[in-house]
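Everything below concerns the one structure shown next.
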Amino acid sequence: MSASVLPSSLVRPTRRLWRTLARPHVVVAIVLLTLLLYLVITPLLIMIQTTITWQPEDVRLVRGITPGELTTFHWERVFNSIISQTMLWTPLQNTLITSIGISIFALTIGSLLAWLVVRTDLPGKNYISSIAIIPYMLPSWTISLAWIVVFKNQRIGGSIGFLEALTGIQVPDWLSYGPAPIIITLSLHYYAFAFLLVSGALQSLDARLEESGEMLGASRWQVLSRITFPLVIPAILSAFILTFSRAMGSFGTPAFLGNPVRYYVLSTTLYNNIASRLQADGFVLGLVLIAISIVTIYFNQRIIGVRKSYATLTGKGFTSTPIRLRAFKYPLLILVVAFLMIAVVAPLGFLGYQSLMLRKGVYSLDNMTLHFWIGESNPKIADGIAGILTDAQTWVSTWNSVALALSVGGITSLLGIFLGYAVVKGRGTWLSKIVEQVAFLPYLMPSIAFGAIYIGMFAQPLGPLPALYGTFWILVVVSVAKNLPYSSRAGTAAMLQVGSELEEAALVGGASWLTRFRRIIIPLTSSGLVSGFLLTFITSMRELSLIVLLVTPATRTLTTLNFRYSEQGYHQPGDALAMMLVAIILLCEWLVRRFRGGQIGKGLGA
């Protein structure tokens, strides 16, 4: 419509609106918001709709219903029926117990380790810092598989574990399976979150604040509790939120260590409901998990928001003098090395050891074999399962895993830069805030629930996309959507380091927006782009909860093949696969870090 047909009073506002909408960051923000609404909001609405309408499979439970009609049946069935205790309240209680326990232990371990590495003169800090984040790069259920190798007993595990074989003492059930092993193993995995975030905050802490306290007569403990600790509270709370949210949606470890003793959490109960074709009931449990995450984030914002005195970085320079440990230096070094051996080296060692055992529970040398690595199919061994290196299924799964990780890493890192551009360039506007908030929403959704939604969403053509269920591309789409919070944070952090004057100078020189973006923005944010790629690549390689309901035999990945072996009791080939997966992840991480300098900490915004 031309301006000449508009009333004169509307000409100026219309031109102003057009100039605003034509700005590059506004166009990018609108395009991204449309994409986010499609990939994030639509699944959430479908999830809610499913819980309040009759589903075709409900005819097994109630006769005479009409699929598609509104009902409160699923909410009443989950919250107030004779099976509510089993379906909701007990798993909810178990989820809160394990998640809080994991968060407390992981936070304690990660914060202490971060303090030792950043603020003290502990020897070998660079090596410790590099090794400490390895558990984050491993699948969370790797340590749980190693735990089973060591602590399983014959009564539940079917064969004795390494500890019972070594000592002859029967391991109690509570130590083999249940909440204690779940809390311990996931704490050893998630402490890396706290380590990365708290160490980042401690690195920016001005040592003169602590030195001033000491000069005024404060003891070492008083300085730590009254100066250091209060100033890193935001990082500690962020680490708690990250750990708590991830622990609530964790599926692999609770499945491996909880299901054998019928200790169910919400994620495993949700999986059982979806697998039993009780999708609506499962989605109600998913919404409960999302509600808990939202409440947790809300209280985090409230606690941090009411206090404004956390700033330690000002225009003045600051010093970072390490605290001398004196006589405690080497005893603490021994403790840290011992912990890293338990958390990093020992699990891989036990998995490798069991992968070489012909018969489970027999730890003699004459039981050692390479069959589960390079053996041909033998009907007398593990129902004919061949060694992983000679099994075509392994290579198909490996290709699927690598292709998925590369696709998701490339797409999300590029999207992250666009998201960062839209958020940073439009900072303070309502559009920028909406884009940032919607991009964070997938983090609140438990992985297994998020994946389950995509079953129904892409079972039929939806808008411009065809039916994707059963294809490799549904794994890519759901993984891209789920990893948007990480890529958004990495992209925003990278864009904050790019001054606007560079783009303005190119604009004055006549460069188009595409040229400016290609020749200035991309090169200057390449470090953040690589870090975002690395973070999502590793996350996708070890992903299980998100895709376990979406894979088919043709699209199976290494993690889901491992889960299948473990479900069927074939632990040796499963352990060999876990070792192979870990080797691929560590090799790729080393290659990216070696040639492009990406760091996981940057991807987390630490």
For this session: Would you calculate a helix-derived [θ] at 222 nm for the chain, using -39,500 (n - 2.57) for each DSSP H run of n ≥ 4 and dividing by the full residue count, to the nearest 500?
Result: -20000 deg cm²/dmol
For this session: Between F328 and R226, take the C-beta separation as r, use R0 = 22 Å, and let me know the FRET efficiency to the nearest 0.05.
Result: 0.60
For this session: Using Cα pairs closer than 8 Å and at least 6 residues apart in sequence, work out the relative contact order for the chain, in percent.
Result: 18 percent
Problem set entry | Estimated distance in nm for a label pair at V337 and L465, the labels positioned 7 Å out from Cα along Cα-to-Cβ | 5.1 nm
Seminar exercise, completed: Within region 17-41, the residues whose backbone N lies under 19 Å from a label point placed 7 Å from the Cα of T429 along the Cα-to-Cβ direction are 17-37
Exercise. Based on the mean of other beta carbon atoms within 10 Å per residue, what is the order of 333-340, 507-514, 431-438, most packed first?
Worked result: 431-438, 333-340, 507-514
Problem set entry | Built amide H within the under 5 Å cut-off of T120, gap 5+ | I323
For this session: Starting from the Cα-Cα distance between L406 and L21, subtract it from 0.36 nm times their residue separation and give me the gain in nm to one decimal.
Result: 135.2 nm
For this session: Report the paramagnetic label zone for I455: residues of region 52-96 whose backbone N is under 13 Å from a point 7 Å from Cα along the Cα-to-Cβ axis.
Result: 56-58
Problem set entry | Average accessible area per residue (Å²) across the chain - probe 1.4 Å, nucleic acids and ligands excluded | 46 Å²
For this session: Would you mind calculating the gained length between R359 and S526 on full extension (0.36 nm times residue separation, minus the Cα-Cα distance), in nm to one decimal?
Result: 55.1 nm
For this session: Could you tell me whether region 157-293 comes out rounded, prolate or oblate from its Cα gyration tensor? Rule is a ≥ b ≥ c as square roots of the eigenvalues, rounded for a/c under 1.5, then prolate if a/b exceeds b/c, otherwise oblate.
Result: oblate
For this session: Compute the length gained on full extension between W399 and R262: take 0.36 nm times their separation in residues and subtract their Cα-Cα distance, giving the result in nm to one decimal.
Result: 45.9 nm
Problem set entry | Sites L507 and S8, calculated FRET efficiency, Cβ-Cβ separation with R0 35 Å, nearest 0.05 | 0.65
Problem set entry | Where W115, W75, W590 fall by accessible area, highest first, once all protein chains stay in place (1.4 Å) | W590, W75, W115
Seminar exercise, completed: Under the rule rounded for a/c under 1.5, else prolate if a/b exceeds b/c, else oblate, using alpha carbon gyration tensor axes a ≥ b ≥ c, region 1-122 is classed as oblate
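The values are calculated or read from the model by the stated rules, or taken from the named source; none is laboratory data. All of these numbers come straight from a predicted model, not from anything done at the bench. Cβ coordinates were reconstructed from backbone atoms using ideal geometry, including for glycine residues, and neighbour counts include every protein chain displayed. SASA here: full protein model, heavy atoms, side chains in, ligands and nucleic acids out. Shrake-Rupley method; radii C 1.70, N 1.55, O 1.52, S 1.80 Å.
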